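Each value in this text was obtained by applying a stated rule to the coordinates, not by laboratory testing. As the structure is a prediction and not an experimental result, all values here were calculated from the model.
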Amino acid sequence: MTSHTVTDELLRRILGQTKTIALVGASNKPERPSHGVMRFLQQRGYRVIPVNPGLAGQTLNGEKVYARLADIPEARSGGIDMVDIFRNSADALAAAREGIAIKARAIWMQLGVVNETAAAEARAAGIDIVMDRCPAIEIPRLFGGRHED
C-alpha cells in the first residue's frame, strides 16, 4: 500500500459531501482533460470554479475564472469543498498549500499527479487528500452512471 492509496469509502465520502470544487489548471481548450472534467462535474451537479492566472476574469463553462484560490469569493467563507489540481506534480505543492490556506475540505490531484509533501501537509491540516485519481473516472465507478446526493 502506497501513501497515495485511498479507499473507496473515502472517495465516496469526498464526492458525496462535495458541492463546490475549485479546479486549478482549468483550460478553455475543449481538447484538454481539465476542460472535459470540469464539464463532466458540472453535468453531475457540482459547482466548479475554474482557476487559471492566464484566463482570470474570463468565463469558462458559465463560471468566472480566478487567478488564485484566495481570489474566489467563496474561499473567504470556507465555501470550497474540494480543490481539484490539474498541474504537474512539482506545481501541485503550491496549489495544495493554497487549498490548505483556504481551508478546503479535500485536495484531489489528478491522474499522474503525486506530491508527497503536499499530501503530508494537507493531512497535517486535517484535509482529505487524493492523488493520482480522476473524479470523472471515480464517480461512474463508485456511483454508476450518475452521481446523486
**OP:** Amide H neighbours of Ile129 under 5 Å, at least 5 residues apart or on other chains, H built in the peptide plane: list them.
**Re:** Ile107
Original post:
Per the Cauchy relation, a quarter of the hull surface: what is the mean projected area of the convex hull of the alpha carbons in the stretch 40-98, in nm²?
Top reply: 4.3 nm²
Original post:
Restricting the count to DSSP beta bridges whose residues both fall in the stretch 1-109, what percent are antiparallel, rounded to a multiple of 5?
Top reply: 10 percent
**OP:** With viscosity set to 1.567 mPa s and temperature to 4 °C, compute the Stokes-Einstein D of the stretch 85-149, Rh being the Kirkwood radius across alpha carbon pairs; µm²/s, no decimals.
**Re:** 107 µm²/s
Subject >> Helix-only CD estimate at 222 nm, as mean residue ellipticity for the chain, using -39500 (n - 2.57) per DSSP H run (n ≥ 4) >> reply: -9500 deg cm²/dmol
Subject >> Rounded, prolate or oblate (a/c below 1.5 giving rounded, otherwise prolate when a/b exceeds b/c) for the chain by Cα gyration tensor >> reply: rounded
Subject >> Derived scalar couplings ³J(HN,Hα) [the stretch 60-65; Karplus, 6.51 cos²θ - 1.76 cosθ + 1.60; whole Hz; x for Gly, Pro] >> reply: 10, 6, x, 10, 5, 8
